[in-house]
Each structure stands twice: as C-alpha cells, then as structure tokens.
Amino acid sequence: QLYLDKAFFKQSLLDMAKLTEEQRDYWTSLDSDIGDGDHGVNLSIGFRGISAQMNDLYEETEDIHSLLKKSGMILLSKVGGASGPLYGSFFMKMGEDVTGKNQVSYSEFLGMIKNGIAAVQHRGKAQVGDKTMIDAFLPGLEVLETYQVEEDPYQFFEKFIEVMKKGAESTIPLVANKGRAMRLGERAIGHKDPGSESSWMLMDIFNKNLKV
Ligand code: ADP
Ligand code: MG
Ligand code: MG
C-alpha cells in the first residue's frame, strides 16, 4: 500500500514553489486578459515565502497537518489577491482530518485534497460556471468521491488531473460571476480563468511526486 509521509508534503510544497516561478509570467498573462495581471506574481510572493521558511517549518511542526496549515497561513498573509486566502484555506484545511499523523494512506491523501477543495468552496462561495478555480476543482472533487480501493492509485490521480485540466478549459467560453473578471461581462468570453489553470498545475505536482 502507498503511504505518504511529511517529507512528501514538504517536497511537494517546494516543487509547487518552483512551478510557480516557472509559470509566473504565464499565469500573470492570463490574468492580464481578464483581471489585473498579478495572479502569477501573487502566487510567486506566497510560495517564495513558503520556500524561504520550509526548513524551519519542517523542523518545528510535529505533524503533516501543522506543516500544511502553517504553509497555508503564509499564503494567506503574504498574498494580496483573492488567490491568497483561497489557496491559503486549501492548505490550512487539507490536513485537518489527519491531525497527529506523520504519514497518511492514499485514501487519506485523497480525503485531504477533498477537504482542501471544500475549504476553497466555503471561502469563495463560487459555483461551477462562475469562471473561477472552482470550475477545475469541483469536477476534480467529483472524481475523488468515486475512488475504489481496487483502482490503481497512480492512474486514478491522473484521471483527477485530467478532469481538472478539462475544467480549466471549460472556463474559456464563460462570463465570470465571481472575482475581478466579473466587471468585464461578455469581454471575458474567450479567455481562460487564471486560477483554474494554476489550480490543476499545482495539483499536478502531487501527481508527479506520487510516482517518485
Ligand atoms: P485578484 O483577483 O485579487 O487579483 P489573483 O489574480 O491572484 O487575485 O487570483 C484570481 C483568481 O482567483 C481567479 O482567476 C479565480 O480563479 C480565483 N477567484 C477569485 N474569486 C474567487 C471566488 N470567489 N471563488 C473561487 N475562486 C475565485
Ligand atoms: Mg489578479
Ligand atoms: Mg490583484
């Protein structure tokens, strides 16, 4: 059986920080089309904060939950934009059900991602079709609900990512009902929502690290 330890989460957060540097200009350009052109910069500020403190955080925290929670708090406190509190909540709530644990089973891990997505939903109150990261996260959540223990965990996670990626694509023809893109009305049509793109790409880091 597949178990994930605290080092898996540390490495994943560091890799998300690296990804964010690589994708910063792309995510920002998506946000320039329909927002205020700072999405990549916002996440870069937040994840740089996490990277800078990671060694201390890893030593200081006694379980996976506190490591993720403190990392989420950095996103929440350092990022000025809407994505800070949203991704911040994701990581802060992710480990709540596995408090005290230093390793989690694959099923527990899927439960953690479900909790993270539920936290984003709770915080942002967006529905599918509002042209936000929820358009990627929610179809992903629906996939996670279907996991059967007989399934191959790696293939299953691939499917989760594929569905999130399609969810991000699905934002292109939409008018926004949440966030800054709302102000554009019909002019938002034809552009992908930046948060829907960053969300599947960030989750894809877990996908890659599962296989290591
Ligand atoms: P800001 O819009 O404050 O500049 P960012 O550019 O970093 O913040 O993030 C914008 C992204 O946040 C959007 O692309 C969208 O996916 C997401 N977002 C905004 N509002 C909400 C919400 N209420 N619920 C879910 N996601 C949201
Ligand atoms: Mg923005
Ligand atoms: Mg902004």
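I need the full set of residues from segment 15-57 which are touching a residue at least 60 places away in the same chain (Cβ under 8 Å) and more than 16 Å from ligand 2 (Cβ to nearest atom), in order please.
Hits for segment 15-57 are D15, M16, L19.
Go through (1) within 15 Å of ligand 1 (Cβ to nearest atom); (2) surrounded by fewer than 24 Cβ atoms within 10 Å (Cβ to Cβ); (3) over 14 Å from the mean Cα position of the chain (by Cα) for D56 and report which single condition fails.
So D56 meets the others, but not (1).
Residues to consider are L210, L202; find the one that is surrounded by 21 or more Cβ atoms within 10 Å (Cβ to Cβ), within 22 Å of Q11 (Cβ to Cβ) and aliphatic (A, V, I, L, M). Walk me through how you get there before you give the answer.
Values: L210 fails: surrounded by 21 or more Cβ atoms within 10 Å (Cβ to Cβ).
Every option except L202 fails the conditions.
Can you find even one residue in segment 112-121 that is among the charged types (D, E, K, R) and farther than 21 Å from L4 by Cβ?
no
Output the number of residues of segment 17-40 satisfying the condition of being away from ligand 3 (no atom under 16 Å from the Cβ), of a type in the set (S, T, N, Q) and surrounded by fewer than 19 Cβ atoms within 10 Å (Cβ to Cβ).
Looking only at that region, the number is 0.
Got at least one residue in segment 110-133 being more than 13 Å from ligand 1 (Cβ to nearest atom), out of contact with any Asp or Glu (no Cβ under 9 Å at 6 or more places or on another chain), within 22 Å of V79 (Cα to Cα) and among the hydrophobic types (A, V, I, L, M, F, W, C)?
Checked against the condition, which is being more than 13 Å from ligand 1 (Cβ to nearest atom), out of contact with any Asp or Glu (no Cβ under 9 Å at 6 or more places or on another chain), within 22 Å of V79 (Cα to Cα) and among the hydrophobic types (A, V, I, L, M, F, W, C), segment 110-133 yields at least one hit.
So if I check each of K70, K114, which one is in contact with a Leu (Cβ under 6 Å, 6 or more places away or on another chain) and within 27 Å of K192 (Cα to Cα)? I'd like the intermediate steps shown before the answer.
Numbers: K70 fails: within 27 Å of K192 (Cα to Cα).
Exactly one residue qualifies, and that residue is K114.
Test of understanding: among G80, G40, which residue is closer than 20 Å to G179 by Cβ, within 10 Å of ligand 1 (Cβ to nearest atom) and at pLDDT below 95?
G80
Just need a number here: residues in segment 41-56 that are among the hydroxyl-bearing types (S, T, Y) and either within 16 Å of ligand 3 (Cβ to nearest atom) or not in a helix (DSSP H, G or I) (or both).
First pass over segment 41-56, keeping only residues among the hydroxyl-bearing types (S, T, Y): 44, 51.
Filter once more, so that each one left must be either within 16 Å of ligand 3 (Cβ to nearest atom) or not in a helix (DSSP H, G or I) (or both): 44.
The qualifying residues number 1.
How many residues does segment 162-190 contain that are within 16 Å of ligand 3 (Cβ to nearest atom), touching a residue at least 24 places away in the same chain (Cβ under 8 Å) and not aliphatic (A, V, I, L, M)?
Of the residues in segment 162-190, 3 are within 16 Å of ligand 3 (Cβ to nearest atom), touching a residue at least 24 places away in the same chain (Cβ under 8 Å) and not aliphatic (A, V, I, L, M).
Identify, please: which residue in segment 2-51 is touching a His at 6+ places or on another chain (Cβ under 9 Å) and acidic (D, E) and is, among those, farthest from H191 (Cα to Cα)?
Looking at the filtered set, the residue picked out is D31.
Say whether the condition of being within 16 Å of ligand 2 (Cβ to nearest atom), in a loop (DSSP other than H, G, I, E, B) and aliphatic (A, V, I, L, M) is met by at least one residue in segment 66-76.
no
Within segment 140-161, identify whether any single residue is within 16 Å of the chain's Cα centre (by Cα), touching a residue at least 24 places away in the same chain (Cβ under 8 Å) and within 16 Å of ligand 1 (Cβ to nearest atom), and answer yes or no.
yes
Within the group K101, K93, which residue is of a type outside the set (A, V, I, L, M, F, W, C), away from ligand 3 (no atom under 16 Å from the Cβ) and buried (at least 19 other Cβ atoms within 10 Å of the Cβ)?
K93
Given the conditions (1) within 14 Å of ligand 1 (Cβ to nearest atom); (2) surrounded by fewer than 19 Cβ atoms within 10 Å (Cβ to Cβ), and given that Y87 satisfies all but one, which numbered condition is not satisfied?
Unmet for Y87, out of (1) within 14 Å of ligand 1 (Cβ to nearest atom); (2) surrounded by fewer than 19 Cβ atoms within 10 Å (Cβ to Cβ): (2).
The values are calculated or read from the model by the stated rules, or taken from the named source; none is laboratory data. Not measured: the values here are computed from a predicted model. Quick reminder, even Gly has a Cβ in these numbers, built from the backbone with ideal geometry, and neighbours come from all protein chains shown.
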